[in-house]
Amino acid sequence: MTEKEAYFVRFNLGQRIEHITVMVLFTLLVLTGLPQKYSGSSWAQWIILTLGGIDITRLIHRIVGVLFAASTAYHLVHVTYLVLARKVRPTMLFNLKDVRDAIVTLRYCLGTTREYPQHDRYDYRQKFEYWGILFGGGVMIATGAVLMFPILITRLLPGELVAAAKEAHTWEALLAVLTIVVWHLYGAHLAPDRFPADTSIFTGKISRERALKEHPLEYGVVASAPHKPEPKPEPAAEPPR
Amino acid sequence: MKDDIAQRRWLRSLALKLGLSTVAALGLAIGLMAALALLPENARGASESQQVQSDEPCLACHGTQDLSMKLPGGDNLRVSVDAAAFAGSVHGGRLACSDCHRSYSTVPHAPVRVQTRRDYSVAQYEVCKSCHFANYTKTLDSIHYEQLSGGNPIAPLCTDCHGAHNVTTPDKPRAQISQTCSACHSSVYKAYTSSVHGKALVGEANGDVPVCTDCHGSHNIHDPRTVSFRLETPALCARCHSNSNLMKKYGISDQVTKTYLQDYHGVSISLYQKQEGGAQPSRITATCTDCHGIHDITSTDAPNSPVMKANLLKTCQQCHPDATENFPEAWLSHYQPSIDKSPLVYVVKLSYSIIIPFVIGGLSLHILLDIWRALRGK
């Protein structure tokens, strides 16, 4: 096996399953939700009628919404446990270095500096997307719950909240869809060094070369410190081959 | 001698020719007359005066007042006609008695084969068809005809709404239309005359408000209790309530249909309409009349209006029985969100209209920079 073919295991099976779950649920939510937002357009009506009408479309949307909420809850509980039990480093948290990295990256792109930031397990772009989905998902779950139980909600809270929840739900959804289409499509598929796709979230593997180039602070540590004491960085637990 | 025979032969052939010609001419004349008699009424304009004149023999008997006959069922059928009323009707001077009352050419007339007066009217149902074919055909689609063909003898016939000998233009004056319907639908008419529409029609002779036929149609009146009628209701009300000029005249919003269709109920109903035929809606969703009332619809300012703030919860509870005090505010009352009417919704909308372009614009810019970097081979 040549040096080039060597890889790190970047994502464990659980993480890969979580990604596929969110990917499927998100797609289903967009497919059943966006036509409701644009129900006046013919493409939207075609989707709704193909699914069997608005009642069935809403039912599917709600069931998938509940599953999405459940997967989000699982993720939060699981990650919180892993971090608190010191089984993983909290590598997703933003820090000051991310702000610096963003500025340096932009300057690098503009050509005003030759320095390129050294990223840890996740670079600031990946963190932005993670927190965007988590925060946006939170908004969607909260407002979706209000829309699902308007009578229960208005027992305690003002009715205008339901109307506001509907407004927020549709616009937050649009923001999420546009972010995925623009940012994720570029970052994971269309970017010159990714095209046609960054497969590491499906295979779990990242080539040694790419790992050391893009996440030297994570894999550099692992590679140069095979005797590193526990706790091991969880997702890269396997040594490079 | 020879000449004699020849002359006789010639005379015989002449007589034969003359006889045959006479027969042919007579046949042609009879045929023409028969054809004329079968032609539709309007095609016979030229012979109008003769036709009307031909009423005179009928009026010799039927012009007598209080002429009536006993039917086998026991009813007294009045067979005298008010010649003056007929002359004043839309048909006066245009139609002859025999145009409608056929098969009475012999005197005494053939016996009437009906049991009751109503049977006689029902038997005459097809008479109007020969001239008013389009409207007759429309009635075949109506709830009234459905009732009639189902054996309900009191379902209205042409003459029940239009009159028989005294047919006048049905909408002169306009209020006449609703009064016509009130002959049978008296409780609906009573509710209607107390409504904002009915009051304006009866009290102010208002030409803008709907009369019965504006919503229900005239000849092809459909059952208003069907799902399809329900689904068409917003479009029905929108005919006037989305007409900016008309609504401005009365200081009413012309946004009601738009705001309805934007919200949950309206989205449901528009899509139910599209899936109709394939699948009936699995549930009922509120349409205009469910909140505003139907025939008894009032101004939204009226104290007894079901959409008055004080009455709104009860109105919502018709479909949402568990709804409580705050629930009705979830519906923005046909208003577009604004800082005065629903500040929270307005602020949310405004925030996203800033956040979305900012975020997506920023991300796009970052991507463009990265592409530029890649193009420079860095």
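Bear in mind these aren't lab numbers, they're just calculated from the coordinates by the rules spelled out. Just so you know, these numbers come straight off a predicted model, no measurement behind them. With ideal geometry, Cβ positions are generated from the backbone for all residues, glycine too; neighbour counts draw on all protein chains shown.
Relative to the longest principal Cα axis of chain A, at what angle does helix A:42-51 sit, 0 to 90 degrees, rounded to 10?
Helix A:42-51 sits roughly 90 degrees off the main axis of chain A.
Taking 31 Å as the cut-off for C-alpha to C-alpha distance, list the pairs among A:213/B:349; A:37/B:138; A:37/B:341; B:129/B:190; B:258/B:309 that go past it.
A:213/B:349; A:37/B:138; B:129/B:190
What is the helix-to-structure angle for A:160-179, meaning the angle in degrees between its Cα long axis and the longest Cα principal axis of chain A, kept from 0 to 90 and rounded to the nearest 10?
40 degrees
Report, in deg cm²/dmol and to the nearest 500, the calculated mean residue ellipticity at 222 nm for chain A, where each DSSP H run with n ≥ 4 adds -39500 (n - 2.57) and the sum is divided by the residue count.
So the helix-based figure for chain A works out to -20000 deg cm²/dmol.
Place +1 on the Cβ of every Lys and Arg and -1 on the Cβ of every Asp and Glu in the protein assembly as shown, take the dipole about the Cα centre, and give the residue among B:234, B:144, B:292 whose Cα lies farthest towards its positive end.
Positive-most Cα among the choices belongs to B:234.
Could you give each residue of the range B:305-311 its phi-based ³J(HN,Hα) in whole Hz, using Karplus coefficients 6.51, -1.76, 1.60 with θ = phi - 60°, and x for Gly or Pro?
So the J values, rounded to whole Hz, are 5, x, 9, 5, 3, 5, 9.
Where does helix A:13-37 land angle-wise versus the long Cα axis of chain A, in degrees 0 to 90, nearest 10?
30 degrees
Counting Lys and Arg as +1 and Asp and Glu as -1, each charge on the Cβ, what is the dipole of the protein assembly as shown about the Cα centre in debye, to the nearest 20?
In debye, rounded to 20, the protein assembly as shown gives about 1540.
Under the definition of partner shielding as Cβ atoms of other protein chains within 10 Å of a residue Cβ, what is the mean value for peptide B:361-373?
Whole-number average of other-chain Cβ neighbours for B:361-373 is 5.
Counting only other chains, and only Cβ atoms inside 10 Å, what mean value do you get across the residues of B:263-272?
Counting other chains' Cβ atoms within 10 Å and averaging over B:263-272 gives 4.
Collect residues whose amide H, placed 1.01 Å from N in the peptide plane, falls under 5 Å from the amide H of residue A:7; neighbours closer than 5 in sequence don't count.
Sorted by chain and number, the residues that satisfy this are A:208, A:241.
Express the relative contact order of chain A as a whole percentage, based on alpha carbon pairs under 8 Å and six or more residues apart in sequence.
In percent, rounded to a whole number, it is 37.
Per residue of the range A:64-78, what does 6.51 cos²θ - 1.76 cosθ + 1.60 with θ = phi - 60° give for ³J(HN,Hα)? Whole Hz please, x for Gly and Pro, Karplus curve as stated.
With the stated coefficients, the range A:64-78 comes to 5, x, 5, 5, 4, 4, 5, 5, 5, 4, 4, 4, 5, 5, 4 Hz.
Output ³J(HN,Hα) for the range B:172-185: one whole-Hz value per residue in order, computed from phi by the Karplus curve 6.51 cos²θ - 1.76 cosθ + 1.60 with θ = phi - 60°, and x for Gly and Pro.
Those phi angles translate into 10, x, 4, 4, 4, 4, 5, 5, 4, 5, 5, 4, 9, 8 Hz.
Using the Cα gyration tensor of the range B:191-309, with a ≥ b ≥ c the square roots of its eigenvalues, what is the shape: rounded (a/c below 1.5), prolate (a/b larger than b/c) or oblate (neither)?
Note, shape of the range B:191-309 comes out prolate.
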